[in-house]
Amino acid sequence: MTLPCRSENLALPRGLPAACFATSLWAAWILGTVGLMEALRAYAPALLWRDQSQTAWHLTDQAWKTLGETPYGAEERKAALEKALPLFKRAAELSPRVGQYQLNVARTLHELRRFEEAYRETLAALPKCDPSDPAPWSLAGDLAVRLGLWREAEPHLRKALELDSSRSQDRERLARALLGQARVGEGIDLWQERLDRYPASSEDRQRAAQAAAAHGRFDKTVEWYREPLTHGALTPVDLDILAVARAALGDLEGSAEALNQSAALRGTPWAILPEYKRYGLPDLDPETLGRLKKALEMAREKQTKK
């Protein structure tokens, strides 16, 4: 028989230490489980993000390798793009905070000429991209111009040029966006700036001349065609536009010459009246149209004398 004593000195009945030990283990297991769950809650998102990021990177790498096997212009290029597209899309889904992955989707859609889809993807990617990188803004501006969204294109392109003023293509696109908004003076000035400040090929000058003609700036059309004309780079369409521009400025001899050059390139025996509306030129006033028809008569007279 055990004498009463203070509780801290009580002797434990037989079997109680084992029960306490089991209880302690149970409590430790519960606490350990709770701790593990808390740790999982704390670290699982990071672990999952790391795993998804690695997967996204590998998918992107695989997509670029697929595209790298087929150069631009190759017959197999479209099939390669369609094969790479779902890989890029899956990478973007796994890493939705990485704007570059979504831009890969947009660029692939752009090359597939699915411009509306590409524009939506680009707009969604912009807030997630490096704010100092002009490329995403340039892509957005390019797509907006292709879709004829002139007002939307302007801020995208201005942002791209703000970040990198040397981007001549964006300057050209911005000129187109301004012309598309009927801000002809601003657009022509920007075209002139692009041609004066940056290297310009014959093709660049031809595009500028065509854009000027489409908005009735025939003085600039003649000026910007001058260099490619001396290099023999003008196409029959360019020469037809030049003939219209020269007639509009009262240069009948020059207009007749351009009409004959156009006929010679086409391999036709006679000069023809240019289909200027088909080329995107505005309606000609009666006086200008009369001069163009007179230039056509002069061109045919010269052909008869040969």
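The values are calculated or read from the model by the stated rules, or taken from the named source; none is laboratory data. Source: prediction; values computed, not measured. Positions of Cβ are generated from backbone atoms using ideal geometry, with glycine treated the same way; all protein chains shown enter the neighbour counts. Please note that ligands, DNA and RNA were not included when accessible areas were found on the heavy atoms of the full protein model with its side chains. Shrake-Rupley method; radii C 1.70, N 1.55, O 1.52, S 1.80 Å.
Considering Cα pairs under 8 angstrom that are at least six residues apart, work out the relative contact order of segment 95-253 and quote it in whole percent.
In percent, rounded to a whole number, it is 12.
Residue 294 versus residue 184, label points 7 Å from Cα toward the beta carbon: distance in nm?
Distance between label points: 2.2 nm.
Of 65/128; 159/277; 220/305; 89/159; 78/277; 78/220, which pairs sit farther than 29 Å apart, going by alpha carbon to alpha carbon?
From 65/128; 159/277; 220/305; 89/159; 78/277; 78/220, over 29 Å: 159/277; 220/305; 78/277; 78/220.
Between residue 75 and residue 270, what length comes free when the chain is fully extended (0.36 nm per residue of separation minus the Cα-Cα distance, one decimal in nm)?
Going from the current span to full extension adds 66.4 nm.
Just to confirm, what accessible area per residue do you get for segment 186-285 at 1.4 Å probe, in whole Å²?
46 Å²
Quick one: Karplus J couplings for segment 66-81, per residue in order, coefficients 6.51, -1.76, 1.60, θ = phi - 60°, nearest Hz, x for Gly and Pro?
These are the phi-based 3J(HN,Hα) values: 4, 6, x, 7, 10, x, 4, x, 5, 4, 7, 4, 4, 4, 5, 4 Hz.
Once the Cα gyration tensor of segment 237-287 is diagonalised, what are the square roots of 5 times its eigenvalues, in whole Å and ordered largest first, as equivalent ellipsoid semi-axes?
Equivalent-ellipsoid dimensions as semi-axes: 18, 13, 8 Å.
Give, in nm to one decimal, the length gained when the segment between residue 97 and residue 128 is fully stretched (0.36 nm per residue of separation minus the Cα-Cα distance).
Value of the extension gain: 10.5 nm.
Any idea what the relative contact order of segment 191-306 is, in percent, if you count C-alpha pairs under 8 Å spaced at least 6 apart?
Averaging sequence separation for qualifying contacts and normalising by length gives 24 percent for segment 191-306.
If the chain between residue 166 and residue 64 were fully stretched, how many nm would it gain, using 0.36 nm times the residue separation less the Cα-Cα distance?
That works out to 33.9 nm of additional length.
Using a cut-off of 10 Å between beta-carbons, work out the net charge of the residues near residue 78 (Lys and Arg +1, Asp and Glu -1, residue 78 not included).
Local charge sum for residue 78: -1.
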